[in-house]
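Asker: Quick one: the structure is below, and I'll ask about it shortly.
The values are calculated or read from the model by the stated rules, or taken from the named source; none is laboratory data. Here the structure is a predicted model, which means the values were calculated and not measured. Side chains included, ligands, DNA and RNA excluded: accessible areas come from the protein's heavy atoms. Shrake-Rupley method; radii C 1.70, N 1.55, O 1.52, S 1.80 Å.
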Amino acid sequence: MPSGCAAAVARAGLVPVRICALPPAVVRAPEAARRPRGIWPADWPVRPAALTPEQHGVLRALGDRQVRIAEAMAQGLVAFARCWQPELVVHDASAYAGTVAAGALGVPAVGQLWGSAAVLRVDRQRLEGPPLPGYARLMRRYGADPEREPDLWLDPCPPSLALPRGRGGCRCVSSRTTGRRHGRRCRRTRPAGP
């Protein structure tokens, strides 16, 4: 995870693994995404053809941003995953480095939605086309298929609010963990670069 998320993860009783520090320029929302104009159809995630070219530009800018974040995270995450050797990778729906790591290891990926699935497909051109060029390059760099998607989506929305696509439901379960470290320990490697 990016180092800025570690404290929140630890407060939740989980064990954070810091794999990178994201430069502010990578995290900052692109200009096109900061001022989305126009009225968006309520069902645009399942009817992307209803969007205007400007709205598709907003989604493309958001997708390119998520790809840049995944590029910054991928080296450290894949190195940690190769050491830890998980049988499954569960990741935030917009954290594409999770799909990269699962693809690099050849294990199933599970995307955890955090509410509305509206931004779910921003890794694709026009939401349902081929992968964005940067995402395809990133997947190939780690020997993963760019067309790969999570094997399952966990959707916290009640059925009345969920999109009409196959999703696994989930429920809130109270956790009283102590935050102790369990399992194997891996030596962390520093991502290359400045």
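Asker: Once amide H atoms are placed 1.01 Å from N in the peptide plane, what residues at a sequence separation of 5 or more from Ile19, or on another chain, have their amide H within under 5 Å of its amide H?
Answerer: Here the answer is Ser3, since their amide H atoms fall under 5 Å of that of Ile19.
Asker: Accessible area of Val27, 1.4 Å probe, to the nearest 10 Å²?
Answerer: Accessible area, nearest 10 Å²: 60 Å².
Asker: Ignoring ligands, DNA and RNA, what accessible area per residue does region 1-112 give at 1.4 Å, in Å²?
Answerer: Ligands and nucleic acids excluded, the result is 49 Å² per residue.
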